[in-house]
Structure formats: structure tokens, C-alpha cells
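Chemist: Supplied in C-alpha cells, the structure appears directly below.
A short reminder: the numbers here are calculations on the coordinates, not readings from a lab. Here the structure is a predicted model, which means the values were calculated and not measured. Neighbour counts are summed over all protein chains in view; Cβ atoms, including those assigned to glycine, are modelled from backbone coordinates with ideal geometry.
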Amino acid sequence: MTTDVRTRGGGPATRRSASRRSHGEAPFRFAATGAGILLLVIMAAIAVFLISEAVPALRANKGSFFTDLTWEPNGSQVFGIAALAFGTVLSSAIALVIATPVAMGVALFISHYAPRRMAGPLGYLVDLLAAVPSVVYGLWGVTFLVPLLKKPSEWLNAHFGWFPLFAGEGAIGGKTMLAGGVVLAIMILPIIAAISREVFLQTPRMNEEAALALGATRWEMIRMAVLPFGRPGVVSAAMLGLGRAMGETIAVALIFPATFDISFEILTPHGNSIAANIANGFGEATPIGRGALIASGLVLFVITLLVNMGARMIINRRKEYARSGA
Amino acid sequence: MTTVQHISAGRRVKDRLAQGLVYLAFALAVVPLVSVLWLVIKNGLARFDVEFLTHSMRNIGARDAGGGAYHAIIGTLEQVLLASLISVPIGLLTAIYLTEYGNGGRLSRAISFFVDVMTGVPSVVTGLFVLAFWILFLGMPFSGLAGALALSILMMPTVVRSAEEMLRLVPNDLREASYALGVAKWRTIVKVVLPTAFTGIVTGVMLAVARVAGETAPLLLTVFFTDSINNDPFSGPQMGLPLYVFDQAGRPNDTAIDRAWTGALTLILIVMLLNLVARLIAWWRSPARGR
């Protein structure tokens, strides 16, 4: 509706005035279009230059990049991404498992439970979580969360040690995948909560009132009207959170002990991720080492790009659906 | 009260349980925020003094107390300013293209989609990109400018999205009134649309600035480390406040950890202040303040 009005009103007016008296129209339009295209160029350039600087290092690699667990590009020039990629996926998965239910609860609280007047400020409070810089979460994680998780970790290991994730001998607690996962969960919670909240608020009022009129309790109304409507939105929100968690660098660089192995034990001091390894390894990297880190960054870029594109496609499809339904 | 009695006990319990869980979830989300802020303030105040704000780390040994983050604060301010100077014009023009010229064509949909995708590019990847392109490929030195380039890539999508949203809020009547007076489209945008959306755009830019001011990873790969004051972002290694916190937090001594906390406090103060001012502007100018 609105776009119609704009093209009808804006189109002819532009043409007429451009021909008669305005000399600025063409350059201005050119600059605006150019800026938009520049963004596309930057995205392409990221891929191109990461590849071009990674290739020399990949050529010099004496191991297999996709399967080797070791990371010694500076010394023996054997390096592989397997352990790092595993750590990235596992820590992000832990974060997602913790953050998604909490974020959905927060979103429902703001959209359907909190008193109207309080909803805005309370939502802002959750958004503030996103404003805390990641290095501060890292510092907090190392000095506060790591010691705090020691006792619960030991308890979990003692009682549920048969479960592979909680297994492990010797040192329990400390700089673990669990600690990293919890910090990541806190960091991705605001974005999942914010998007879910938006989607929940878009639930057609009619559906909600129809459910209530049929005698549903508030929870039944949410389960029957709000959640089914919001499911694609929550899924894409979780995917965006997953992308964030995988790319998060500094907080986990401070927490993970930078081991290079594949282990499901989240309660023993293990863990690393692609991003953390870049932050920790950059200082002492040789030219080959830098190339290797860039190669690992390329892998991270591709993974997060796929996750994000998937999430955006779900959201965009939802938007069209919501618009046509309205 | 009478309606409640018609609902069976099981359904009522479920309803109450769900409500309890939802409240619990919100409490769970707020606990870390309070904990982080409390610890940062408590531990940060110990070294939050004049020396910290006015001295660098030059000639401060590994175990020495004292020293400060002046060089890092200067670095952060300059890098963020440069990043804004680069990203705001590009972001704003892109937003103008999307709202005023794109008309839902293929190019504008592609740009819109990739702006969304760009928000998800990990900050460390933008740092690697500047490292690969600017420093390794073009042979430029590590500098504050390199850091600003990485930060500007992070800022762009945020600026585009918020500016676009604000431009779309400008009523079409205003544009049409301007066209009716024979004003060219670009002058309408510059003289009518942008001024109307101005405060909203400022808010968005400040939120974007607040976001990148706390970024460490891109700086780590592009500005290098230094313990000395370097006022020139165009040559020589610089420091940034987030980088300073990361550096100090990685050292084993208590004096360094103290400095890290104070750095974190300074950083949070800067970021929160930007955030708060931005939100206040947004709230103050919001047409639907009553909602």
C-alpha cells in the first residue's frame, strides 16, 4: 500500500525535476547505490582475501587441514582444524541448549506476563546484557564463574559420571567447556530473547482472544496460539544465537585452556575454538602461522555465513507470510 | 473468581507452573547482569584513580603496581571516531538507497539480505579480513586506522538497519508535499527526510558505536599492542581499552588483574553511557511515548 503511493508520487516528480533544474540528482543517486554495492563488495572481498592469504599456508601444510588434530603451523607446519571446529560446535551447542529455553521464557515474560508498564524497562534490562563487552564476560568468567562451577561440576561428575558429557577422571572443574558454554549462553541470550519477543508480540490478537474465549488458561493460550505462530521465529533466533556463539572470541579465549583434542568431557579442563585459537595464537604466529589462522578464520566465516543465511531466510519467509496474512 | 472454579486443578497447576518457569527464566537472565556489574564495580573501583586515567603502561614492570590505561582510552576514542567517520556515510547512503531508491528491486533485496547476514559476521573475521587485505596484501603497517577499518565493517550493518528503520518512519506525506513544490528527489531527501529522521539516526549510530567500542578481537589482529601513548592513529601500533583489559587479564599478577578490572569498569562506563544517552534520545523523541 505504502510503496504504491511512493512510486506514484515519487517517480514522475523525480524525472520532471531532474530534467529541468536539478544537477544533484544523478550524483546523489549514484552515491547511494554505490554505497549499497560497496557493502556487497566488502562481503565478497572478505571471502576473496581470506582465501588468497590462506592458500600459501595451506600449501605449506604437511598435515591434513580437515582431519589433523594438531595445530603447529609455526614449528612442524602440521595443522588441522578438526579439534578446533569440534570445540567451536560443542561449546556453541552447550550455549544454545542453555540459552534457548531461558530466552524463550524471558521473551514470554516480556510479551505476555509482565505488567504492560514494566515490559519496556524490563526488556531494556535484558538488552543491557548485550551491551556488556565480551572481554568483560571473559574476565568475569575466569575470576568468578570458573570457581563457582567447581562444586556443581564435581557433583555432576560424581552422580552422573556414566553420562559421556559428564564423564572424566582426575581434575574436575576449572577452565572447562561447561564454563565457556555458560558464558556464551549469557552472551547470546539477549539476541534470542529480543527476536523471540518480537515474534511473540506479532501473534494475531484474534487468535489469542479466540483461545481465551474458549476458556483456555493463559498457558494454554500461549501453547495453542503464541508458540505455534512464533516457532519459525524462535528457530531462526536460535540460529542467529548459534552464529554469534561460534564467532565469539575474546570471552572464550580467556576461559578455554587451549587444548587440541576431541573430547566430549565438558567437566574436565578441555576446550578450544577456532576464534579463541586465533586470538591466543596470533601473537607468536610466523607468516605461515598467520596464514593458517586466516585459513581457520575462513572456515569460521563460511560456517557462520551458512548459519546466518539460513536463519535470515526463515525470518524473511515469515515476514512475507505475516504480511500477506495481515 | 467464579470462572476459576470451572478450570480443573490439573490445568490450573500447569498454568501456575508455566508462569513460575517464565518468571524464573527472567530472574535467571538478570542474575548474570547483576553479578557482572557488581563485580566490575567492586573490583574496578580499587584502581579507578587519577593515575589510571592519566598514565600509560610505559616502564611499568610485569609485577609493578601503578600504571594506567590513558594510552588505551586515547586509542579507543580515536579508533571508534575513525570507524564512525568511515561507516556512518556508507551506512546512511545505503539506508537511503534501500528506502528511497531501491523500490524492492533485485539489487535492493540482495543488499538488504546481505546487510542482515553481515550483522552475523564474527568480529574476529573482520579483523582477519583487515589483516589479510590491508596489512598482508597491501603491505600497510599495524595502526589505529587498521583497527578502525575492522570496526567500521562491524558498524556498517547496524547503522544501515537503524537508519533504514528511521527513514521508513518518515511519513510519505512529507515527501509528497516536497515533490509537489517541485523540489528534486535528492533535495527532498537531504532537506526533508533526513532532518525528520535525524534523532533516530543519531540514536542508531550511538548504539552502533557502543557495540564496537567494546570489541576486542578485531583490534587484537590489527592495531597490535603497545604500552606507550601513541596519539597518531595513522602510524605505529596503538592500544585500545578492550585490548588493554584482555592483555592485563591474561597476566598472572594481582596488580595486572586489578588493572584489568578497572579497565573493564572504564569500558563499561563508556559503553553504558553511550547506550543510555542513545536510549534517552530515542525515548524522548519517540512519537508513541505512551506505549
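Chemist: Can you pull the mean other chain C-beta count within 10 Å for peptide A:212-218?
Modeler: For this peptide, the per-residue mean of nearby foreign Cβ atoms is 3.
Chemist: Label B:Trp38 and B:Glu165 with points 7 Å out from Cα along Cα→Cβ: what is the distance between them in nm?
Modeler: It works out to 3.2 nm between the two label points.
Chemist: Let me know the number of lysine pairs in the protein assembly as shown closer than 30 Å at the Cα, not counting same-chain pairs under 8 apart.
Modeler: Eligible lysine pairs with Cα atoms under 30 Å apart amount to 6.
Chemist: Residues in the stretch B:188-218, backbone N under 18 Å from the label point at A:Ala26 (7 Å along the Cα-to-beta-carbon vector): list them, ranges by number please.
Modeler: Once the point is set 7 Å along Cα→Cβ of A:Ala26, nothing inside the stretch B:188-218 turns out to lie under 18 Å by backbone N.
Chemist: Could you work out which residue, out of A:Ile222, A:Ile110, A:Ile278, moves most in a Gaussian network model of chain A, that is, has the largest mean-square fluctuation with Cα springs under 10 Å?
Modeler: A:Ile222
Chemist: Another question about this same structure. What does the charge count near B:Arg11 come to, summing +1 for each Lys or Arg and -1 for each Asp or Glu among other residues with Cβ under 14 Å from its Cβ?
Modeler: +3
Chemist: For the stretch B:129-168 and the stretch B:43-114, write down the distance between their C-alpha centroids in whole Å.
Modeler: 10 Å
Chemist: Another one. Running a GNM on chain A with Cα contacts under 10 Å, which residue among A:Val135, A:Val106, A:Val199 ends up with the highest mean-square fluctuation?
Modeler: Judging by the Gaussian network model, the answer is A:Val135.
Chemist: Continuing with this model, one more query. Sort the following peptides by mean Cβ neighbour count (other Cβ atoms within 10 Å, averaged over residues), highest first: A:227-239, B:238-250.
Modeler: With the highest mean Cβ count within 10 Å placed first, the list reads B:238-250, A:227-239.
Chemist: While we're here: What does the net charge come to around B:Ala256 if you take all other residues with beta carbon closer than 14 Å to its beta carbon, with K and R at +1 and D and E at -1?
Modeler: Overall, the nearby charge balance is -1.
Chemist: Something else about it: For chain B, what class follows from the C-alpha gyration tensor (a ≥ b ≥ c being the square roots of its eigenvalues): rounded when a/c is under 1.5, otherwise prolate if a/b is larger than b/c, else oblate?
Modeler: oblate
Chemist: Another one. Residue farthest toward the positive end of the dipole of chain A, with Cβ of Lys/Arg at +1 and Asp/Glu at -1: which of A:Pro287, A:Ala211, A:Gly241?
Modeler: A:Ala211
Chemist: Right, another one. If R₀ is 41 angstrom, what is the calculated FRET efficiency for the pair B:Ala177 and A:Ala47, using the beta carbon separation as r and rounding to 0.05?
Modeler: So, using R0 = 41 Å, E works out to roughly 0.35.
Chemist: Sticking with this one: I want to verify a result. In a Gaussian network model of chain B, Cα cutoff 10 Å, which of these has the top mean-square fluctuation: B:Lys191, B:Lys42, B:Lys14?
Modeler: B:Lys14
Chemist: Moving to a separate point now. By per-residue mean of other Cβ atoms within 10 Å, what is the highest-first order of A:168-174, B:45-51?
Modeler: A:168-174, B:45-51
Chemist: Also, I was wondering about something else. By its C-alpha gyration tensor, with a ≥ b ≥ c as the square roots of the eigenvalues, how is the stretch B:2-47 shaped: rounded for a/c under 1.5, else prolate for a/b larger than b/c, else oblate?
Modeler: Prolate.
Chemist: Report the full-extension gain for the segment A:Arg223 to A:Thr286: residue separation times 0.36 nm, less the Cα-Cα distance, to one decimal in nm.
Modeler: 17.1 nm
Chemist: How much length, in nm to one decimal, is gained on full extension between B:Ser235 and B:Lys191, taken as 0.36 nm per residue of separation minus their Cα-Cα distance?
Modeler: 12.0 nm
Chemist: Okay, next question. Per residue of B:92-98, count partner chain C-beta atoms within 10 Å of its C-beta, then hand back the mean as an integer.
Modeler: 6
Chemist: Taking the Cα centre of chain A as origin, work out the dipole magnitude from +1 charges on Lys and Arg Cβ and -1 charges on Asp and Glu Cβ, in debye rounded to 20.
Modeler: Value, rounded to 20: 1720 debye.
Chemist: Specify which residue in the list A:Pro190, B:Thr222, B:Trp38 is farthest towards the positive end of the charge dipole of the protein assembly as shown, using unit charges on the beta carbon of Lys, Arg (+1) and Asp, Glu (-1), about the Cα centre.
Modeler: Of the candidates, A:Pro190 comes out farthest on the positive side.
Chemist: Between A:Ala210 and A:Phe160, what is the FRET efficiency for a Förster distance of 41 Å, r being their Cβ-Cβ separation, to the nearest 0.05?
Modeler: Efficiency for this residue pair is about 0.40.
Chemist: Next question. With each run of n ≥ 4 DSSP H residues scored as -39500 (n - 2.57), what mean residue ellipticity at 222 nm is computed for the protein assembly as shown after dividing by its residue count and rounding to the nearest 500 deg cm²/dmol?
Modeler: Theoretical 222 nm ellipticity from helices: -23000 deg cm²/dmol.
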